[in-house]
Amino acid sequence: MLAASFTDFMQQVVSGLASGGVYALLALALVIIHRSTGVINFAQGEMATLSTYIAWALVAHHAWGYWPAFVATLAISFVGGVGIHRVVIRPVERGSVLRIVIVTIGLLVAINGFVVWQWSGEPQQLQSPFGTDVYNVGGVVVAAHDIGTIVVALGIVALLWGLFQFTKVGLALRAVAVNPEEARLVGVRVSWMLALGWGLAALLGAVAGMLTAPTVGLDPNMMAAVLIYAFASAILGGIDSPIGAVVGGLLIGVLLNMLSFLSQYDMFGWFTEELRLPMALLVILVVLLVRPQGIFGRPEVKRV
Amino acid sequence: MKTLLELDGVAARYGPVQALHDVSLVVREGEVVAVLGANGAGKTTTLRAISGTVSRSGAIELDGKQIRGGPEAAAKAGIAHVPEGRGTFVDLTVTENLKLGAYVRRDRSVKADIQRVAEYFPWMTERGGQRAGTLSGGEQQMLALGRALMSRPRLLLLDEPSLGLAPMIVREFFRIVRRLNEDEGLTVLVVEQDARVALNASERAYVLEVGRVALTGASAELRDDESVRRSYLGY
């Protein structure tokens, strides 16, 4: 009985880490934009959905292999993210934060509408590149797609970390996040760095979307719930902390899967899958009340 | 000596507020020149006009070439601006701050230059991994100076380096500036509220009054002229 429940538990932890990897990617995208622009990009989920449709169209209509389509989608998304910043965000950047927020909400609606117009609202299938195999590891059943998701998510995170930590452009990106005025004085072209941030965020979203579609099915609202989980992840980890986004994502993934684990027991029968969204919102609320800076954030110090 | 920087009839404004009316000044190669004056006289704005962080009119020439565009262009042209109040990136390490100083450079000798800069500030070598925000005020000001040097500037702009620092640290700071000037021929334009310190460290000085040059002369003469000291410099 106890042994059985332990394997059930591990089962949920592993699949929670896989979905958590996706949340982490999207949360990281939110953090990158928040650090440099100071706003939450509400269109982040729809941007990811659009990217995923592009990948799907390449595979389904143009007979591309999954991985070539994956790489092409990353490139298209990156350029698209840069373009969105240059064309839509930059003109309102100097005003109040509220203006940018409204623009990102407008972007959300616009992209969603575009996707429905272009590809209809019909759910589509994007195959997992990792196949449908399952492995039995000591009683714990692990899907190949879950392992693949975790590996790809962590791989992308590691690449991005390397970019930020070891390259000149990464250093400039961080400098802009810390102090844009100062960055201009040393010669950094701040506006292009912000655009680059949007490009990277769009790229992260694309990966998240392409990893999500095989399990939940591709439809125009595929990323709506994922975006809420990503919010929860980013806020739990600290909205300005890249490492926090990753840890927060994995934690949220596992935490939400505990609902499925507990629902197997009569005593906790009322814990069901349907509580995933309310649970995520509860996490957001509790973190904001108890520790607004999140796990890895530093408390905000107002300079006088 | 050759003229490095020339301002002719420079005006600048923040929105509707005119901060500079008519400033003309000259900095020759290898000089240390001070800009003095009371609060609100336009000292900081003069530096900001040069580095392009405020909208300005009039002629500003570096080495005979008109400077246009924002601070990125000024940095590229060889102007290093150390702004008021410890211009460091607080979340980045000492070494990262220094590397950013060399951002506009395309050559590969950045590592060697970090060592060259560390000769002036030996503590930076052991503490390269420390976050700039955890340094003391004096150390942050030294780091801001070190970072400016990393760009191998033709002209260094210093804005109120003494602000909020203990007198001993201020003396140390200006000692290093003098050494850089003497050893490497670094040209410096320094804005200071503390006239005594600035006159001791400079060869010539300009005194600003409500956005105009009120007075100019050799630092030693201004320092020794009691009426100038009393009416303009307040000590």
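The values are calculated or read from the model by the stated rules, or taken from the named source; none is laboratory data. Treat the numbers as computed from the prediction; the structure is a model and nothing was measured. Cβ sites come from the backbone with ideal geometry, for glycine too, and all protein chains shown count toward neighbours.
Matching residues to (1) assigned to a helix (DSSP H, G or I); (2) without any contact (Cβ under 8 Å) to a residue 24 or more places away in the chain; (3) not acidic (Asp, Glu):
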| position | (1), (2), (3) |
| --- | --- |
| B:THR125 | yes, yes, yes |
| B:GLY128 | no, no, yes |
| B:LEU143 | yes, no, yes |
| B:LEU158 | no, no, yes |
| B:ILE169 | yes, no, yes |
| B:GLU172 | yes, no, no |
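Are any of the residues in region A:113-121 aromatic (Phe, Trp, Tyr) and under 20 Å from A:LEU204 (Cβ atoms)?
Restricting attention to region A:113-121, the residues satisfying the condition of being aromatic (Phe, Trp, Tyr) are A:114, A:117, A:119.
Applying the additional criterion that residues be under 20 Å from A:LEU204 (Cβ atoms) yields none.
Within region A:113-121 (the criterion being aromatic (Phe, Trp, Tyr) and under 20 Å from A:LEU204 (Cβ atoms)), the answer is no, since none of the residues qualifies.
With respect to A:LEU25, is the statement that it is touching a residue at least 24 places away in the same chain (Cβ under 8 Å), of a type in the set (A, V, I, L, M, F, W, C), in a helix (DSSP H, G or I) and buried (at least 23 other Cβ atoms within 10 Å of the Cβ) true?
Working: touching a residue at least 24 places away in the same chain (Cβ under 8 Å): yes; of a type in the set (A, V, I, L, M, F, W, C): yes; in a helix (DSSP H, G or I): yes; buried (at least 23 other Cβ atoms within 10 Å of the Cβ): yes.
The answer is yes for A:LEU25.
For B:ILE50, all conditions in the list (1) in contact (Cβ under 8 Å) with a residue 40 or more places away in the chain; (2) at the interface with chain A (Cβ under 8 Å from one of its Cβ atoms) hold save one; what is the number of the exception?
(2)
Give the number of residues within region A:20-41 that are modelled with pLDDT under 95 and of a type in the set (Ser, Thr, Tyr).
2
Do we find a residue being more than 20 Å from the chain's Cα centre (by Cα) and over 23 Å from A:ALA177 (Cβ atoms) anywhere in region A:42-58?
Initially, region A:42-58 is screened for residues more than 20 Å from the chain's Cα centre (by Cα), giving A:57-58.
Filter once more, so that each one left must be over 23 Å from A:ALA177 (Cβ atoms): A:57-58.
Within region A:42-58, one or more residues are more than 20 Å from the chain's Cα centre (by Cα) and over 23 Å from A:ALA177 (Cβ atoms).
Any idea how many residues of region A:177-211 are under 14 Å from the mean Cα position of the chain (by Cα) and farther than 15 Å from A:ILE32 by Cβ?
Qualifying residue count, region A:177-211: 3.
Being within 14 Å of another protein chain (Cβ to nearest Cβ) and surrounded by fewer than 23 Cβ atoms within 10 Å (Cβ to Cβ) is the requirement here; does B:ARG212 meet it? Lay out the reasoning, then the answer.
Values: within 14 Å of another protein chain (Cβ to nearest Cβ): no; surrounded by fewer than 23 Cβ atoms within 10 Å (Cβ to Cβ): yes.
Taking the combined requirement at face value, the residue does not satisfy it.
Go through A:VAL88, A:VAL103, A:VAL82 for me and flag whichever is touching a residue at least 40 places away in the same chain (Cβ under 8 Å), surrounded by 13 or more Cβ atoms within 10 Å (Cβ to Cβ) and in a helix (DSSP H, G or I). Steps first, answer last, please.
Working: A:VAL88 fails: touching a residue at least 40 places away in the same chain (Cβ under 8 Å); A:VAL103 fails: touching a residue at least 40 places away in the same chain (Cβ under 8 Å).
Residue meeting the stated conditions: A:VAL82.
Identify, by number, the condition in (1) away from every other protein chain (no Cβ under 14 Å); (2) under 30 Å from A:ASP240 (Cα atoms); (3) within 20 Å of the chain's Cα centre (by Cα) that A:SER128 doesn't meet.
All conditions pass for A:SER128, except number (2).
Among helices (runs of 4 or more DSSP H) lying entirely in region A:118-203, which contain 3 or more residues that are without any contact (Cβ under 8 Å) to a residue 40 or more places away in the chain and within 21 Å of A:LEU25 (Cβ to Cβ)?
Details: elements: A:144-166, A:168-178, A:180-185.
Output list reads A:144-166, A:168-178.
It is to be established whether one or more residues within region A:178-195 are away from chain B (no Cβ under 14 Å), surrounded by fewer than 23 Cβ atoms within 10 Å (Cβ to Cβ), under 30 Å from B:GLY52 (Cβ atoms) and modelled with pLDDT of 95 or more.
So far as region A:178-195 goes, yes, one or more of its residues are away from chain B (no Cβ under 14 Å), surrounded by fewer than 23 Cβ atoms within 10 Å (Cβ to Cβ), under 30 Å from B:GLY52 (Cβ atoms) and modelled with pLDDT of 95 or more.
Among the candidates A:TRP64, A:TRP56, which residue alone is over 30 Å from A:PHE261 (Cβ atoms), among the hydrophobic types (A, V, I, L, M, F, W, C), in contact with a strand residue (DSSP E or B) (Cβ under 8 Å, 6 or more places away or on another chain) and crowded, with 16+ Cβ neighbours inside 10 Å?
Details: A:TRP64 fails: in contact with a strand residue (DSSP E or B) (Cβ under 8 Å, 6 or more places away or on another chain).
Step by step, each of A:TRP64, A:TRP56 is checked, and only A:TRP56 is over 30 Å from A:PHE261 (Cβ atoms), among the hydrophobic types (A, V, I, L, M, F, W, C), in contact with a strand residue (DSSP E or B) (Cβ under 8 Å, 6 or more places away or on another chain) and crowded, with 16+ Cβ neighbours inside 10 Å.
Considering only region A:245-257, I want to know if a residue exists there that is polar (S, T, N, Q), assigned to a helix (DSSP H, G or I) and at pLDDT 95 or above.
no
If I go through region B:81-95 residue by residue, how many of them are within 9 Å of chain A (Cβ to nearest Cβ), touching a strand residue (DSSP E or B) at 6+ places or on another chain (Cβ under 6 Å) and assigned to a loop (DSSP other than H, G, I, E, B)?
Within region B:81-95, residues that are within 9 Å of chain A (Cβ to nearest Cβ), touching a strand residue (DSSP E or B) at 6+ places or on another chain (Cβ under 6 Å) and assigned to a loop (DSSP other than H, G, I, E, B) number 1.
Would you mind stating whether B:ASP8 is modelled with pLDDT of 95 or more, of a type outside the set (A, V, I, L, M, F, W, C) and more than 20 Å from B:LEU186 (Cβ to Cβ)? It would help to see each step written out before you state the result.
Working: modelled with pLDDT of 95 or more: yes; of a type outside the set (A, V, I, L, M, F, W, C): yes; more than 20 Å from B:LEU186 (Cβ to Cβ): yes.
Taking the combined requirement at face value, the residue satisfies it.
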